[in-house]
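Since the structure comes first, as structure tokens, the remarks are kept for the end.
The values are calculated or read from the model by the stated rules, or taken from the named source; none is laboratory data. All values derive from a computational prediction rather than experimental measurement. So basically every Cβ, Gly included, is an ideal-geometry build from the backbone, and we count neighbours across all protein chains shown. Areas reflect the complete protein model, heavy atoms only, side chains present, ligands, DNA and RNA absent. Shrake-Rupley method; radii C 1.70, N 1.55, O 1.52, S 1.80 Å.
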Amino acid sequence: MQQAAVYIQGTYVMFLRRKESDNMVSSQVLQKTLEELKNITKVDLSILNIDGTVLVSTMPDDQVDHATVRQFVESPADSQILQDRYFFKVFDDNNVEYVLVSSGSMNDPYLVGRVAVCQIQNLIIAYKERLDKNNFIQNLLLDNLLLVDIYNRAKKLRIDTNARRIVFTVETAGDKDNTALDKIKSLFTGRPQDFITAIDENNVIIVKELKEGEDYAEMNRLARLIADTLQTDQSGQIRVAYGNVVEEIKNVSRSYKESQMALEVGKIFHAEKNVIPYNNLGIGRLIYQLPIPLCKMFMKEVFGEQLPDTFDDETLMTINKFFENNLNVSETSRQLYVHRNTLVYRLEKLQKSTGLDIRVFDDALTFKIAMMVVRYMKYMQEQNP
């Protein structure tokens, strides 16, 4: 049921984005294009919807009769002189997407209009290809494609199917202004084979293609660079998790799922870290996949009714410091500023209450795992109150 919800949610998000991007080229890009052409040619230009509504314009008086525009769109001509202005059709897959109007006494407004039409049609092609690639990558990550569709669409979009890739998940602490997305994109300038997309306001996904010689050490440095770049502008903690390297495009979704798991496991067992590799999760990865009833049974067998999170602060600090120092009594007592005998007394007291002597490796291992299980259970309870 949960997987189905993810599938539906992912499909819905992509549907919304497709609807928002029906006018593939943004008004800002179109306006900038017209202004640059006018600065060069001194010819005024306007771009209109097929119903006659002006989208962008450099003309002081950009009012055009809507009926005239609709009449031109329905005519067989690709260009016409109407109302002392040149009208041109801008096509997208043989369909009229825009109407371009040029006007001016300097240079040749007809020639400039033709150049503008070519420029805008090339922009439409470029933006559509980018949108299609983004849509393909999102469906690929969410496992929404059949195997044959993956390879067919990748070939059509000129995406290498056998390149080595790795997926990063960046948790941006609720960046609603897309500044995190823009900053991440700036780090990958000049890398068109890498794909960056925001799945929601909290997470940015990076599908990176590895160059020759790039390894996990390089990926870790890149993850730290991303975290450090974003952390300067974010009040909350930035976390960057990444999965394993995959050799084929069909396995990209696996690396994505691994990065998602790494992010969650990192929150539970490595809260102080901002870079979490999937291949370095250790025993936390196994505990994360345990069912809660099994965890409760294990805890009751080990501790009875007294769980580790019910210990006082002094006991917990002693236990954690003892583990940090690899069960070394002398070093732990030195760092805690207590006499060795005092530390031994605390450990014996813990042994009496739990039946575990954490000075012995097997008991220490059991206790360590139990503490991690408690942390996992508390996290899951907070997520599902």
Check your understanding: Mind checking which residues of the stretch 158-188 are modelled with pLDDT of 85 or more and in a loop (DSSP other than H, G, I, E, B)?
Key -> ARG158, ILE159, ASP160, THR161, ASN162, ALA163, ARG164, PHE188
Check your understanding: Among the residues of the stretch 67-113 satisfying the criterion of being farther than 19 Å from SER27 by Cα and of a type in the set (Val, Ile, Thr), which is surrounded by the fewest Cβ atoms within 10 Å (Cβ to Cβ)?
Key -> ILE81
Study note, to complete from the structure: Residue set LYS273, LYS208, LYS250; condition within 15 Å of LEU141 (Cβ to Cβ), touching a strand residue (DSSP E or B) at 6+ places or on another chain (Cβ under 9 Å) and basic (Lys, Arg); output residue LYS208
Review point. Taking into account only those residues within the stretch 356-374 that are in contact with an Asp or Glu (Cβ under 7 Å, 6 or more places away or on another chain) and in a helix (DSSP H, G or I), which is surrounded by the fewest Cβ atoms within 10 Å (Cβ to Cβ)?
Key: ASP363
Review point. Has the stretch 16-33 got any residue that is surrounded by 12 or more Cβ atoms within 10 Å (Cβ to Cβ), out of contact with any helix residue (DSSP H, G or I) (no Cβ under 7 Å at 6 or more places or on another chain), modelled with pLDDT of 90 or more and charged (D, E, K, R)?
Key: yes
Revision key, fill the gap. Checked the stretch 232-286 for anything without any contact (Cβ under 8 Å) to a residue 12 or more places away in the chain and under 17 Å from the mean Cα position of the chain (by Cα); matches are ARG254
Study note, to complete from the structure: Per the filter on the stretch 140-158, residues out of contact with any helix residue (DSSP H, G or I) (no Cβ under 7 Å at 6 or more places or on another chain) and on the phi < 0 side of the Ramachandran plot are LEU146, VAL148, ASP149, TYR151, ASN152, LYS155, LYS156
Check your understanding: Hey, among the residues in the stretch 44-79 that are within 17 Å of TYR110 (Cβ to Cβ) and in contact with an Asp or Glu (Cβ under 8 Å, 6 or more places away or on another chain), which one's modelled with the lowest pLDDT?
Key -> MET59
Study note, to complete from the structure: Of the residues in the stretch 38-66, those that are surrounded by 11 or more Cβ atoms within 10 Å (Cβ to Cβ), among the polar types (S, T, N, Q) and farther than 22 Å from VAL25 by Cβ come to none
Exercise for review: Quickly run through the stretch 184-226 and pick out the residues that are closer than 18 Å to MET261 by Cα, open to solvent by less than 30 Å² (accessible area, probe 1.4 Å) and of a type in the set (A, V, I, L, M, F, W, C).
Suggested key: ALA198, VAL204, ILE205, ILE206, VAL207, MET219, ALA223
Exercise for review: Considering every residue within the stretch 165-177, establish whether at least one is touching a strand residue (DSSP E or B) at 6+ places or on another chain (Cβ under 7 Å), surrounded by 12 or more Cβ atoms within 10 Å (Cβ to Cβ) and over 16 Å from GLN138 (Cα atoms).
Suggested key: yes
Review point. Within the stretch 227-248, is there a residue that is over 20 Å from ASN280 (Cα atoms), buried (at least 20 other Cβ atoms within 10 Å of the Cβ), among the aromatic types (Phe, Trp, Tyr) and modelled with pLDDT of 90 or more?
Key: no
Check your understanding: Are any of the residues in the stretch 323-346 among the hydrophobic types (A, V, I, L, M, F, W, C) and under 28 Å from GLU264 (Cβ atoms)?
Key -> yes
